[in-house]
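> My questions will all concern the structure given below.
The values are calculated or read from the model by the stated rules, or taken from the named source; none is laboratory data. Computed from a predicted model, the values in this text were never measured in an experiment. Every residue, glycine as well, gets a Cβ built from its backbone with ideal geometry; the counts of neighbours run over all protein chains shown. Side chains included, ligands, DNA and RNA excluded: accessible areas come from the protein's heavy atoms. Shrake-Rupley method; radii C 1.70, N 1.55, O 1.52, S 1.80 Å.
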Amino acid sequence: MNGQDRFEFPKNKKKDKIAIQLINNLILIPVDVNGVQLTFLLDTGASSTVIFSFEETDSIQLHNSTVIQLRGLGKGEPVDAIKSEKNTIQIGKAVKSNQTIYVVFDGALNFSSRLGVPIHGIIGGDFLKDFVVEVNNVSEILRFYLPEGFNNKKCKKCLQKELVFIKGKPYIQAVVADSTRNLDVNLLIDSGSGDALWLFEEEENKIKAPENAFEDYLGLGINGNIYGKRSKVKGFKIGDYFFRNVNVAYPEVNFSENLKVAENRQGSIGGEILKRFNWTIHYQNKYIQLQKNRYFKDPFHYNMSGLTLQHGSFTVVKERKQQSSDAYGLNQNESFSVYNLNLGSAMEIRLERIYVVVEVRKNSPAEIAGIQAGDEILEVNNNPVYKYKLHELNEMFYAKEGKTMKMKILRNGYEQRVKFELKDL
């Protein structure tokens, strides 16, 4: 397979499947790079393969490397990166031995700490262009087929939509409805975004954030944090599928301007829409097939706390554990029996992660309660915070308006308790 420029299966194999994780509306897949097992984000909005974290692995060998500058999403300047060629990459049983990988060594670019699970990089078009890919968001299984061996079964309840490819990325036509009109939009299919919709403000198509939109942190890009406004649109339609009161984000104009010009793009469809379908994407035949799943009718909620958390430092946890050693020892002779009850206890000491506040939305319940960026969260609703996975905490912030959140926080070495109610904006 030396020098192969596409993924290939072993002889006589035409399809495969792998387990995926769906966390915060994002799809994580296992990827082997030069013999090292990593976890990548499956990103239909990415035409290149990028590694940005080695935290969970001791070492990885990369081949034929040169230093470059890489520009991606975010407010910052281009970042230094390494372009590495002729790497061997494997997904399931599919192998490609001439893969170009871009490596970013910027410690601020840490998706792992934001999601609470190891994420080492992103992969999109480099994988998707070689296969027909089926994503089942309910069973969390990804199946992929050689295009020449794929038999697309008829699905009466599915929607098949044509894709247009610009710079190797898939675009789809959809309709956004506000209070006065319907607007046709050209949207990037972006599984690397956890939001429902992004729209780019522009006068030509009269896309503009409404008066009641609020400023917020939108996410982390290769060039730093992305900010903008959030609101809702009255309706969103793809083919015959219609959603009401859909979350929408409007990235800052200076960020979106280049994308609009370069790709004739009005925005993107992200994971909060895509997770409501089991979907099949066929790059070679240029279509996506959507089938409603159990998430389809879920309401669209915002983070009602205003908090963005990430993994912080460690805390020492001491727990006393009950032990028994020969708890019921039987000593018996001819005249009597003796039962010995032997109980002991031991102290277990270990390190557990706590979470740190990295963003607090202005005028949010969390800010009004006094929480600040840099605060460390020790307890949530009277439970030690290490009892929760990060995505479980995030799900709590989206759960139910009016729900009370009690937290113990640590600031400058002092503990304090705060309380607030989730509020839907």
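> Under the Karplus relation 6.51 cos²θ - 1.76 cosθ + 1.60, θ = phi - 60°, what is the ordered set of whole-Hz ³J(HN,Hα) values for region 294-304, x standing for Gly and Pro?
Using θ = phi - 60°, the values come out as 5, 8, 4, 8, 4, x, 8, 10, 9, 5, 8 Hz.
> Let me ask something else about it. Find which of Val117, Tyr145, Val135 sits farthest along the positive direction of the dipole of region 114-163, computed with +1 on the beta-carbon of Lys and Arg, -1 on that of Asp and Glu, about the Cα centre.
Result: Val135.
> So what J values fall out for region 132-142 if you push phi through Karplus, 6.51 cos²θ - 1.76 cosθ + 1.60 with θ = phi - 60°, rounded to Hz, Gly and Pro as x?
9, 10, 10, 10, 9, 6, 7, 7, 6, 10, 10
> Next up: Carbon and sulfur together cover what percent of the accessible area of region 138-215 at a 1.4 Å probe radius?
Details: 2070 of 4530 Å².
Whole-percent figure for carbon plus sulfur exposure: 46.
> 5 Å is the cut-off here: which amide hydrogens, built 1.01 Å from N in the peptide plane, fall below it relative to Gly124, excluding neighbours closer than 5 in sequence?
Amide H neighbours of Gly124: Asp43.
> I would also like to ask the following. Just add up the charged neighbours of Asn278: K/R +1, D/E -1, any other residue whose Cβ is under 12 Å from the Cβ of Asn278. Please list the in-between numbers first.
On the way: positive: Arg143, Lys157, Lys275, Arg276, Lys292, Arg294; negative: Glu134, Glu140.
The answer is +4.
> Quick one: order Glu272, Glu392 from most to least accessible surface, probe 1.4 Å.
Working: Glu272 20, Glu392 70 Å².
Solvent-accessible surface, decreasing: Glu392, Glu272.
> If I histogram all Cα-Cα distances within region 347-425 using bins 10 Å wide from 0, what percent of pairs lands in each bin?
17, 54, 23, 5, 0
> Per residue of region 277-283, in order, report the coupling 6.51 cos²θ - 1.76 cosθ + 1.60 (Karplus, θ = phi - 60°) as ³J(HN,Hα) in whole Hz, putting x for Gly and Pro.
10, 9, 10, 10, 10, 10, 5
> Please give me the summed charge of the neighbours of Leu378: other residues whose Cβ is under 9 Å from its Cβ, Lys and Arg +1, Asp and Glu -1.
-2
> Here's another thing I want to ask about it. Given a cut-off of 22 Å, name the pairs among Lys161/Lys292; Lys86/Lys286; Lys232/Lys297; Lys292/Lys387; Lys208/Lys297 whose C-alpha atoms lie farther apart than that in the structure shown. Can you show the working numbers first?
Values: Lys161/Lys292 14 Å; Lys86/Lys286 28 Å; Lys232/Lys297 16 Å; Lys292/Lys387 33 Å; Lys208/Lys297 27 Å.
Violating the 22 Å Cα-Cα cut-off are Lys86/Lys286; Lys292/Lys387; Lys208/Lys297.
> List the residues, sorted by chain then number, that are 5 or more residues from Gly219 or on another chain and whose placed amide H is less than 5 Å from its amide H.
Ile226
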